[in-house]
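The next block holds one structure in the form of structure tokens; read it before the comments.
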Amino acid sequence: MRHIICLIGVVFILGMRGVAQDGVYLTHYVFDQFQKGKIFFKSGSTQEVSLNYNTLTAEMVYEDGGKYLAMGEPEKVDSVVIAGRVFIPGDKKFYELLCRCAFPLLAEYSSSIKEEGSNLGYGMTSNTAAATTLRSLIQSGGAYNLKLPDGFQIVAKREHWILSGGQYRPAGNVRQLGHIYPAKKEFISHWVKDHHTDFSSNDDMIALIQAIDKN
């Protein structure tokens with residue numbers, strides 16, 4: 001059964017895949033272990049709790065007496081700071097705030113599930129089957145455990161976004177950035193070429209967006 005808490009709200013964390021909480025390989029959580037995080041609520045209050053971000057369900061999960069439960073009402077949260085990193089809620093998920101630039105740079109962490117034996121042949125898989133499997137895992141509470149049942153593979157994904165005019169705009173290539181910074185298309189193109197920018201790298205994206213701001 002899906003567990004949701006609707007107290008004041010709660011929060012999450014960051015990393016990308018990981019190993020090791022009591023020897024368990026955390027394939028579907030963003031951080032390698034649950035840690036104390038500080039939550040700043042829009043009401044002005046703060047709270048500390050042990051939590052992690054579930055990339056399968058796009059939910060903040062907290063630990064309570066050895067049980068892992070999903071948090072409700074993230075809209076009441078202003079920001080969360082974990083291990084010196086800042087996360088903000090938006091669009092029914094949490095993003096890591098990578099750069100407080102003119103247009104904030106954000107990282108989104110997600111994952112999809114693939115069940116062994118679900119291949120349809122000829123290299124094809126069923127998205128419907130994967131969605132059904134995920135719903136079943138959520139309903140049973142299995143998606144919140146530290147370790148998924150045997151027979152599941154997790155495909156991790158990281159995407160970058162620019163928050164502009166209240167909208168989350170994709171920042172995954174030169175063309176997309178050119179739409180956000182139309183006056184700096186040439187600069188962006190040269191920077192990416194000269195610095196061999198990896199659009200999946202947080203560090204590379206931070207350097208690029210900071211350079212755009214300074215140019």
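What the table below lists for this structure:
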quantity: Per-region count, the range 23-64, residues touching a helix residue (DSSP H, G or I) at 6+ places or on another chain (Cβ under 9 Å) and under 14 Å from PHE94 (Cβ atoms); calculated: 6
quantity: Residue selected from the range 159-176 under the condition assigned to a helix (DSSP H, G or I) and more than 21 Å from ILE88 (Cβ to Cβ), by the criterion least open to solvent (accessible area, probe 1.4 Å); calculated: VAL174
quantity: Every residue from the range 184-206 that is in contact with a Lys or Arg (Cβ under 9 Å, 6 or more places away or on another chain) and in contact (Cβ under 8 Å) with a residue 60 or more places away in the chain; calculated: ASN202
quantity: Residue among LYS36, LYS67, LYS42 that is open to solvent by 60 Å² or more (accessible area, probe 1.4 Å), basic (Lys, Arg) and under 22 Å from GLN139 (Cα atoms); calculated: LYS67
quantity: Options SER140, SER201, SER189; residue that is over 21 Å from the mean Cα position of the chain (by Cα) and within 30 Å of ILE113 (Cβ to Cβ); calculated: SER140
quantity: Lone unmet requirement of (1) over 30 Å from ILE212 (Cα atoms); (2) open to solvent by 30 Å² or more (accessible area, probe 1.4 Å) for TYR29; calculated: (2)
quantity: Members of the range 160-215 found to be at positive phi and at pLDDT below 95, listed by number; calculated: GLY165, GLY166
quantity: Filter result for ILE88 (of a type in the set (Val, Ile, Thr) and in contact with an Asp or Glu (Cβ under 8 Å, 6 or more places away or on another chain)); calculated: yes
quantity: Pair list, Cβ < 7 Å and 6+ apart or interchain, from the range 56-76 residues that are closer than 21 Å to PRO149 by Cα and without any contact (Cβ under 8 Å) to a residue 40 or more places away in the chain to residues that are of a type in the set (Gly, Ala, Ser) and open to solvent by 20 Å² or more (accessible area, probe 1.4 Å); calculated: GLU63/SER50
quantity: Candidate set: the range 80-100, residues that are open to solvent by less than 20 Å² (accessible area, probe 1.4 Å) and at pLDDT 90 or above; chosen: the one farthest from the chain's Cα centre (by Cα); calculated: CYS99
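The rows are residues; the columns are (1) under 15 Å from LEU105 (Cβ atoms); (2) among the aliphatic types (A, V, I, L, M); (3) without any contact (Cβ under 8 Å) to a residue 12 or more places away in the chain.
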site: GLN153; (1), (2), (3): no, no, no
site: VAL174; (1), (2), (3): no, yes, no
site: PRO182; (1), (2), (3): no, no, yes
site: LEU208; (1), (2), (3): yes, yes, no
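The values are calculated or read from the model by the stated rules, or taken from the named source; none is laboratory data. Owing to the predicted nature of the structure, the values given are computational and were not obtained by experimental measurement. As a convention, Cβ positions derive from the backbone with ideal geometry for all residues, glycine included, and neighbour counts pool all protein chains shown. Side chains are part of the model used for accessible areas, which takes the heavy atoms of the whole protein and leaves out ligands, DNA and RNA. Shrake-Rupley method; radii C 1.70, N 1.55, O 1.52, S 1.80 Å.
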